[in-house]
Structures are given as structure tokens and as C-alpha cells.
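Take a look at the structure set out below.
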Amino acid sequence: MLLVEAWQFIVAHPGRFFDALATHVALSAAALGLAIAIALPVGVLLADTRRAALVAITAANIGRTLPSLAVLALVMPVLGTGFVPSLFALTLLALPPILINTVTALQQVDADMVDAARGMGMTRAQIMRKVELPVAMPVIFAGIRTAAVQVVSGAVLAAYIGGGGLGDFITSGIAMMALPQLLVGAIPATLLAIGADRLFGHLQKILTPAGMRPR
Amino acid sequence: MIEIRGLVKQFPGAAHPAVDHLTLSVSEGEVCVLIGPSGCGKTTTMRMINRMVEPDAGSIMVAGRDVMQTDPVSLRRSIGYVIQQVGLFPHWSIADNIATVPKLLGWDAARIATRVDELLDLIGMEPATFRSRFPRELSGGQKQRVGVARALAADPPVMLMDEPFGAIDPITRARLQDEFLRILRGLKKTIVFVTHDIDEALKMGDRIAILRDGALVQYATPEAILARPANPFVESFVGTDRALKRLALIRADGALESLGAAVPVHAIGARANLRDALALMFEIDIDTLAVTGPDGAVLGAITLAGIRAHTRSVDGTNR
């Protein structure tokens, strides 16, 4: 019954629904993209020094324990409300898993393999590009996958600081005790999160080099 | 081919230098085995030749070039490098692994493909079967073969090998050693070979450098080391069965005597060594063996008395 009413709400307000959906996806994609663009190179740089890597992982782990809502709430007094502060907060949320996985994956690359690569005359950059990154890719991508799911779920909370997205229906649904409207936000947001997980799981398989795929 | 002079390496925090004023020269086409107890500086010495470790003092010349004046990357591309753990790249096919250095040197694809097949043939791995396999599909022995092929790919005149057969079971190791010696015969490579296994050193080395605490204790042919160990350290390092080890270095056709009136019933191949001949004599309780060539023709005989004489002969001219 509730589902039917939720469906009727979407049919009655297609513009509002698709706007919110588009904002949600755009916000999530932008945050994930930014987080990858920051965490991947930083991870590559930090992985070389044991001490820097340890500091980064500890910091990222603390960052990871912060509740999503708290991150958004902490951003608001500084950056105000709207899309950009939401984007900032969600990027912050996506950084730790990507950074942690990048650093640990690179540190776990077999030292003998790197020694062989160096001994055969690969430059530092060639070792990173041809050997370390491809071998670390499955684990790095697992971090991106985790971050993707966190961002898509976390984007629901952007509504609290005026970022828009599907969270708008949930907050207003709660405020007005309108359950169907709440579901208009909650169900697509859930499906998006599941979809992101499946999509990145699939990409992870494709990007795992053939010689390293589980048999 | 390789001239090492007054080489010193002191690692930070270590009480003693890892390598302490080492001087050593390796002639072209020779296998020089570096051996000694762990911590004697053998691996460090080897790794300074291609600047994987930077020396603190001294000089290394490879083919007339001072390595310290050579860019490390191009230096390493011109020197073959094999390590115990092989370090194949798991995400690359066997062909791509073997092609590592040729690709770095920018060879064209056709030349690389030809070279890869040539090397797979050389190491006894059917190119059509193994070309596109991945490292995890290979046994330990096959991986090490590919590791050797990879080091040979760009046909470097000098190769560095750090315990290449150390992680392999004894039976496969013996086979790989024989195979490697066979491959080397046609190639005339100058090789620095690190091991801690004296039997391997005696078998593989043209010359053996025995190191202790970063310094050279004795540098000589296997025969000379067995016959005239420089001091008690070398003597104990080589072991108490020196007489038997020397016999293992002499081929049956190197100890031939003329046949007596009757051809002995039992025979041994010309390429078998005297230690194996001796074992066979004891086993079947005889004191004369016929020696047969590859075609089965009897070349002569070896006798227990003859073998005994060889354990006493001092110089290393039998090899």
C-alpha cells in the first residue's frame, strides 16, 4: 500500500524526483572522483616511507570512525550549506578507505618482485606504473568500492545541510510524518547504494590483471 | 671483465663493514662463485656490481667501464640479474616476463617475440605451451628457469645470480644446475654467482671466492681449493670429505687407463664423475669399470687404484 502511494508521488512529481536523483548521483560521483584524485596519488607518495604511511593510516582510521552525519555537521559552520559543502563532506568521507587500501596494497607488494624490477633496470616510475600499481590494483579498487557505497549512502545526509538529493524526501517525509514520501527517498537511495556496490565489484574483477584473478 | 678494487661497504648501524677492502677480478666467460657463511658480504658484493648497493669506497669496472660513472638504470639493463625468489611479475604472461629488458630497451615486437621463443626453447619449455601462461601456473623449477631466461633476454655479457637455485628441492636443483651449465657452455657469459652451498660452488664455479667478514680468504679454482685450502677456515668450510669432492670434479674419461686383457663386465659413461664411479665399484664390489662413450663404444677402463691416485694428485689439471 505504502509502495503504491510512493509510486503515485513519483508520478505526480516527476520533475522533483528526477532532479533529486540527478543531484544525488552527481554529488556522489563528484565526491568519489575527487577522493580518488586525492587519495590515490597521496597514497602512492606515502607508501614509500614507512613512517609517513603509518601516520596516514592512523589518521585515515580516525577519520573512518567519524559518523557521516558528524562530518556533515562539522563542515556546515565553516562552509555553510548547499552543494559544495556537501561535496566537501562526502569527499572527506570517501578519502579514508581509498587512502588506507592504496597505502597497504602498495606496501604489501612483494619486495623480491620490486628488487627484480629494479635489478633489471626499471626506473622508480616504471616500477610504480608497470609493477606495483597493477599488482596492488585489486586491493586499491576494493577501497574505492567501499568508498563508493559510503558516499552514495552518506549523500542521503546531504539534505541536512541543503545539499539536495534523495535525502530531501526522507527529511521532509520524517518532518511531515509522510511515510510514502520518505520511501520515495529511501528506496531509490538504497538501490543506488546496492547498484554502486555491484558496479564497482564488477569493475574490480575487470581491472584485476588476468594472471591474478581468483581461479 | 669484472675488476673489483678495494671495495668497502659499511651499512649504517652495523658494527663491522659488510665488505672490507675486497679486491677480485673475474675473467671473461668465467663463472665466479662467491661463497661464505651468512654475513660474509657475498650478496652485498654482488649487488654493488650493478649498483643495487652503493659502495663506500673502492672501484668496480665492468667491461672497462667504471660502474660508478655509469647511470644505474642503463647499467642494470646491460647486466643479467637473477635472485633466489625469482620475482616474476604475476600480472604478466611468461612471454612478457621474459621480454622485460628487451621492452625497456625498446626492441620491436617481432624481434621480442622471436627472442622469447628462442629462450623458451633454450630452457626446455615449449613456447606454444608456455608463452601465454602466467607465473602462478608454473612449478618452482619452471619459475626459476623463466627467471634465468628473463635475465638472458637482452643477451647481457655479464650476469649476477644470487642463490638462484636455493629455494628449490634438491633433485630439481641438481637438474637445473646441469641444465644451466649446458646453457652456459654455448653462451660465454661472465657470471657472478652467490651461494652458501659448497657443493653447488664446486660444481658451478670456474673459480671460487671464499669470503669471511667481508674479506677474501681464498680465490682459486675448485680443484685448487680442495687440494690446497688456504687456511683452517677454508678447510673446515669445504668439509672433511675433500677427497670425495675432488673426485666429483673429475670425469671418468679424465682418468682413463688402457684396457687389460679382458673388457670389464660393468661400464660407466665417460661423463660420469669419479665419485659416482667409486660408488658403483663399492656397490657391486669390483675394482675395474669400463668407460663408454656416448655411442656405447668402450674407451678404456678406470680402476680403484687409479681413482685412489687421483685423490692424491695435487694439481687441478684434470678439469
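The values are calculated or read from the model by the stated rules, or taken from the named source; none is laboratory data. All of these numbers come straight from a predicted model, not from anything done at the bench. Here the Cβ positions follow ideal geometry from the backbone for every residue, glycine too, while neighbour counts run over all protein chains shown. Ligands, DNA and RNA are excluded from the accessible area calculation, which covers all protein heavy atoms including side chains. Shrake-Rupley method; radii C 1.70, N 1.55, O 1.52, S 1.80 Å.
Some notes on this structure:
- Amide hydrogen proximity for B:Gln218: with H placed 1.01 Å from N in the peptide plane, the residues at 5 or more positions away or on another chain lying under 5 Å are B:Ile210.
- Distance between modelled label sites at A:Asn61 and B:Ala174, nm, 7 Å Cα→Cβ extension: 5.1
- Kirkwood radius, segment B:177-221, all distinct C-alpha pairs, inverse of mean reciprocal distance: 11.6 Å.
- The residue list A:Phe18, A:Ala56, A:Val44 was ranked by how far each Cα lies along the charge dipole of segment A:1-120 toward its positive end, using unit charges on Cβ atoms, and A:Ala56 comes out on top.
- In segment B:180-293, a dipole from Cβ-located charges (positive for Lys and Arg, negative for Asp and Glu) runs towards its positive end, and of B:Gly293, B:Leu274, B:Gly239 it is B:Gly293 whose Cα lies farthest in that direction.
- Debye intensity ratio I(q)/I(0), log10, chain B, q values 0.07, 0.11 Å⁻¹ (C-alpha model): -0.33, -0.78
- Build a GNM of chain A with springs between Cα atoms under 10 Å apart, and of A:Leu40, A:Leu203, A:Leu87 the one that fluctuates most is A:Leu203.
- When accessible surface is computed with a 1.4 Å probe, chains A and B are found to bury approximately 2100 Å² between them, both chains counted.
- Amide H contacts under 5 Å for B:Asp56, placed H, 5+ residues apart: B:Val8, B:Lys9, B:Gln10
- Normalising the average separation of contacting C-alpha pairs (under 8 angstrom, six or more residues apart) by the number of residues puts the relative contact order of chain A at 27 percent.
- Rounded to whole Hz, the Karplus (6.51, -1.76, 1.60) HN-Hα couplings of segment A:8-16, x for glycine and proline: 4, 4, 5, 4, 6, 10, x, x, 4
- Kirkwood-based Rg to Rh ratio, segment B:27-91, C-alpha trace: 0.98
- Farthest positive-ward along segment A:16-208 dipole, Cα basis, beta-carbon charges - from A:Leu79, A:Thr190, A:Leu207: A:Leu207
- The eigenvalues of the Cα gyration tensor, multiplied by 5 and square-rooted, give the protein assembly as shown an equivalent ellipsoid with semi-axes of 68, 26, 18 Å from largest to smallest.
- Under 24 Å from B:Lys203, Cα to Cα: lysines that are on another chain or at least 8 residues apart: B:Lys42, B:Lys143, B:Lys188, B:Lys189, B:Lys245
- Once the mean of 1/r is taken over each pair of separate Cα atoms and inverted, segment B:181-319 shows a Kirkwood hydrodynamic radius of 16.4 Å.
- Rel. contact order, % - alpha carbon contacts under 8 angstrom, at least six apart, chain B: 19
- Here the Debye sum runs over all C-alpha atoms of segment A:16-208 as equal scatterers in vacuum, and log10 of I(q)/I(0) at q = 0.10, 0.12 Å⁻¹ comes out as -0.46, -0.63.
- A helix-only calculation puts chain A at -26500 deg cm²/dmol for mean residue ellipticity at 222 nm, using -39500 (n - 2.57) for each DSSP H run of at least four residues, averaged over all residues.
- Chain B: most fluctuating residue of B:Gly214, B:Gly260, B:Gly300 per GNM, C-alpha cutoff 10 Å: B:Gly260
- The share of alpha-carbon pairs in segment B:189-253 lying farther apart than 15 Å comes to 48%.
- Between the C-alpha center of segment B:186-217 and that of segment B:44-93 there is a gap of 17 Å.
- Under 15 Å, Cβ to Cβ, from A:Ala158 - net charge with Lys/Arg +1 and Asp/Glu -1: -2
- For B:Glu30, the residues whose modelled amide H falls within less than 5 Å of its own, excluding neighbours fewer than 5 places apart on the same chain, are B:Ile191.
- Dipole magnitude (debye, nearest 20) for chain A, charges at Cβ of Lys, Arg, Asp, Glu: 520
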